[in-house]
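Novice: Encoded as structure tokens, here's the structure I'll be asking about.
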């Protein structure tokens with residue numbers, strides 16, 4: 001089955017810890033995205049990548065880091081510098097041209113304990 | 001000014017009515033426009049995409065784009081209670097950046 005897999009589905013983080021959220025796609029898509037969603041809010045762009053070994057900051061990149069070493073993988077690290085990380089994190093991918101749709105993984109719900 | 005703006009709602013319509021959802025965007029060179037539906041606690045799913053001015057119909061859904069007015073809308077005909085969800089407008093430009101609005105909550109009353 002082709003698709004986007006995010007793991008884990010639920011993640012609990014202690015204050016001061018870094019955590020990494022996984023996003024893997026087997027759709028052969030060039031572009032990948034990370035979004036954050038807070039309750040009752042829309043999606044805010046954290047980082048996006050158009051090709052391997054290249055990525056750009058979105059609107060709320062502070063406290064987050066990413067890597068794109070392989071086409072199919074785009075992990076997101078939530079660092080201790082992110083002061084309010086509790087949110088629903090969504091990964092998406094698209095074929096890479098502007099006139100293509102993006103498809104989403106199932107999301108990771110991160111909670112700080 | 002936000003890049004993509006939507007009325008947060010809730011928009012309440014009776015079953016069988018037409019629901020009209022609106023979105024405006026600020027970047028004049030935006031090239032592609034999308035509507036996603038998101039149920040509570042779930043990830044967004046694509047409903048419609050539109051790239052050129054005019055209307056695009058798919059079943060009960062019609063997307064409308066007016067680039068001169070920087071406006072895109074979604075009409076849902078014969079609204080059903082199962083259509084109750086948050087509808088997200090997304091816009092993409094030449095850099096492949098994909099920006100979402102805050103979403104409009106639609107409630108279809110039986």
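Read-outs: derived from the displayed coordinates by stated rules, not from any lab. All figures in this text were calculated on a predicted structure; none of them were measured in a lab. Because the Cβ atoms are built from the backbone with ideal geometry, glycine has one as well, and the counts that use them run over all protein chains shown.
Novice: Using Stokes-Einstein with the Kirkwood hydrodynamic radius over Cα pairs, what translational diffusion coefficient do you get for segment B:1-66 at 20 °C and a viscosity of 1.002 mPa s, in µm²/s rounded to a whole number? Write out the running numbers ahead of the final one.
Specialist: Details: Rh = 13.7 Å.
Estimated via Stokes-Einstein, D reaches 157 µm²/s.
Novice: Neighbour counts of other C-beta atoms within 10 Å: give me B:77, A:68 arranged from fewest to most. All intermediate terms of the calculation are to be shown ahead of the outcome.
Specialist: Values: B:77 13, A:68 19.
If I rank by nearby Cβ atoms, fewest first, I get B:77, A:68.
Novice: On average, how much area does the Cα convex hull of segment A:69-113 cover when viewed from any direction, in nm²?
Specialist: Working: hull surface 17.8 nm².
The directionally averaged projection comes out at 4.5 nm².
Novice: Per the Kirkwood definition applied to all pairs of different Cα atoms, how many angstroms is the hydrodynamic radius of chain B?
Specialist: Numbers: mean 1/r = 0.0719 Å⁻¹.
Radius from the Kirkwood sum: 13.9 Å.
Novice: Quick one: Debye curve from the alpha-carbon atoms of the protein assembly as shown only, equal weights, vacuum; give me log10 I(q)/I(0) at q = 0.14, 0.16 Å⁻¹ to two decimals.
Specialist: Scattering profile of the protein assembly as shown, log10 relative to I(0): -0.86, -1.09.
Novice: Still on this structure, please answer the following. I need the Kirkwood Rh of segment A:1-58: take the reciprocal of the average 1/r across all distinct C-alpha pairs and report it in angstrom.
Specialist: Details: mean 1/r = 0.0745 Å⁻¹.
The Cα-based Kirkwood calculation yields 13.4 Å.
Novice: At a 10 Å Cβ-Cβ cut-off, how would you order B:108, B:13, fewest neighbours first? Present the calculation step by step, with values, prior to reporting the outcome.
Specialist: Details: B:108 20, B:13 17.
If I rank by nearby Cβ atoms, fewest first, I get B:13, B:108.
Novice: Next question, about the same structure. Cα centroids of segment A:1-60 and segment B:39-110: how far apart, whole angstrom?
Specialist: 22 Å
Novice: How many times 2.2 N^0.38 Å is the alpha carbon radius of gyration of chain A?
Specialist: Values: Rg = 13.2 Å, N = 113, 2.2 N^0.38 = 13.3 Å.
In units of the 2.2 N^0.38 Å rule of thumb, it is 1.00.
Novice: May I pose another question? Grab the Cα-Cα distance for residue B:31 and residue B:109, subtract it from 0.36 nm times how many residues apart they are, and report the gain in nm with one decimal. Walk me through the intermediate numbers first.
Specialist: Working: separation 78, 0.36 × 78 = 28.08 nm, distance 3.49 nm.
Using 0.36 nm per residue and subtracting the Cα-Cα distance, I get 24.6 nm.
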